[in-house]
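A short write-up of the structure that comes next.
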Amino acid sequence: MRNNIAITYLRWIIAIPAGLLAWFGANHSIGMTFGFIHGYDVLDSFWEAPDMDGMLITGTYIIVITRIVASASLVAVIIYMVPRYHKQVATVATAVVSAAAVALLGFIWVQEFRADVALGPEGWYRYILDMLSIIIGAVFGAWMAYGSRRRRAPAS
């Protein structure tokens with residue numbers, strides 16, 4: 001049963017949606033926790049604002065923790081779901097998530113360039129912090145998941 005090709009393909013097909021589900025689940029659960037601690041109205045106004053909304057220190061740790069945990073869970077679930085080649089999958093998943101974070105920052109830069117309203121330093125700080133936190137989370141998730149898979153693999 002170990003080399004069943006149908007199960008292998010099924011695991012590959014399920015890996016990406018399961019990772020995205022882990023991403024959204026982590027965002028939601030951490031958002032609920034921060035909402036309970038800081039207040040849901042304050043947190044909603046922070047997420048809807050294009051800048052840090054006057055919450056520089058609190059907003060920094062909210063963004064860092066949320067993005068690191070969410071991207072780490074995305075990458076880790078993908079690595080756990082695939083049947084083989086965990087090192088390559090860890091590398092590719094981390095590269096894709098990091099490229100998506102950089103592309104998001106590039107998209108925001110292009111949209112800001114086209115808009116009449118200029119984004120201030122707090123706005124750029126927020127988006128750069130988003131990008132760096134997502135990249136760090138992806139690397140951390142790949143490191144943790146690959147290390148765990150490597151230790152669990154039976155010696156052949």
> Taking springs between alpha-carbon atoms closer than 10 angstrom, which of Val75, Val102, Val139 fluctuates most in the Gaussian network model of the chain?
Replying inline: Val102
>> Taking the 0 to 90 degree range and rounding to the nearest ten, how far is the long axis of helix 121-152 tilted relative to the main principal axis of the chain, both from C-alpha atoms?
In response: 20 degrees
> Which whole-angstrom value gives the distance between the alpha carbon centres of region 6-55 and region 66-85?
Replying inline: 14 Å
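What range in the chain is the longest one free of trypsin sites (Lys or Arg not before Pro) that are in a loop by DSSP and have at most 13 other Cβ atoms within 10 angstrom? Before the final figure, lay out the partial values.
Working: sites that count: Arg2, Arg84.
Maximal segment without exposed cleavage sites: 3-83.
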> Taking the chain as the region of interest, what is the percent of Cα-Cα pairs per 10 angstrom bin, listed from the shortest bin to the one with the maximum distance?
Replying inline: 11, 33, 30, 17, 7, 2, 0
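Any read-out appearing in this document is the output of simple, stated calculations on the displayed coordinates, not a laboratory observation. Nothing here was measured: the structure is a model prediction, and the numbers come from that model. Positions of Cβ are generated from backbone atoms using ideal geometry, with glycine treated the same way; all protein chains shown enter the neighbour counts.
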